[in-house]
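> Handing you a structure now.
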Amino acid sequence: MNYDTLLEKYRTKQVFIYGRSVIHIVDTQTYIDTGIKKTDFIFHTERNNRGIITVENEDTT
């Protein structure tokens, strides 16, 4: 990936920069856990590290 491609993906919110890594969101999943709506963002980095970022959305009770 060259610099211009990276900037374009950043502008369209396909990737974001976290620390020294470029993170690309590959999938999302929304679910309710103990009455709280949560969204998992499944990502991988340019070095093929994978992970999940979980965000609490709102209280649904």
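The values are calculated or read from the model by the stated rules, or taken from the named source; none is laboratory data. Please read these numbers as outputs of a predicted model, since none were measured by experiment. Neighbour counts run over all protein chains shown; Cβ positions are idealised from the backbone, glycine included. Keep in mind that these areas ignore ligands, DNA and RNA; they rest on the heavy atoms of the full protein, side chains included. Shrake-Rupley method; radii C 1.70, N 1.55, O 1.52, S 1.80 Å.
> From the list T39, T34, pick out the single residue that is of a type in the set (S, T, Y) and surrounded by 10 or more Cβ atoms within 10 Å (Cβ to Cβ).
When all the criteria are applied, what remains is T39.
> Then there is this: Looking only at region 42-56, count how many residues are of a type outside the set (V, I, T), part of a strand (DSSP E or B) and open to solvent by 70 Å² or more (accessible area, probe 1.4 Å).
Number of matching residues: 2.
> Here is a follow-up. On the given criteria, is I23 of a type in the set (A, V, I, L, M, F, W, C), in contact with a Phe, Trp or Tyr (Cβ under 9 Å, 6 or more places away or on another chain) and surrounded by fewer than 13 Cβ atoms within 10 Å (Cβ to Cβ)? Lay out the reasoning, then the answer.
Details: of a type in the set (A, V, I, L, M, F, W, C): yes; in contact with a Phe, Trp or Tyr (Cβ under 9 Å, 6 or more places away or on another chain): yes; surrounded by fewer than 13 Cβ atoms within 10 Å (Cβ to Cβ): no.
When the stated conditions are applied, I23 does not pass them.
> Does T34 fit the bill of being at positive phi and hydroxyl-bearing (S, T, Y)?
So T34 passes the test.
> Would you mind stating whether I17 is of a type in the set (V, I, T), surrounded by 11 or more Cβ atoms within 10 Å (Cβ to Cβ) and modelled with pLDDT under 85? Reasoning before the result, please.
On the way: of a type in the set (V, I, T): yes; surrounded by 11 or more Cβ atoms within 10 Å (Cβ to Cβ): no; modelled with pLDDT under 85: yes.
For I17, the condition - of a type in the set (V, I, T), surrounded by 11 or more Cβ atoms within 10 Å (Cβ to Cβ) and modelled with pLDDT under 85 - is not met.
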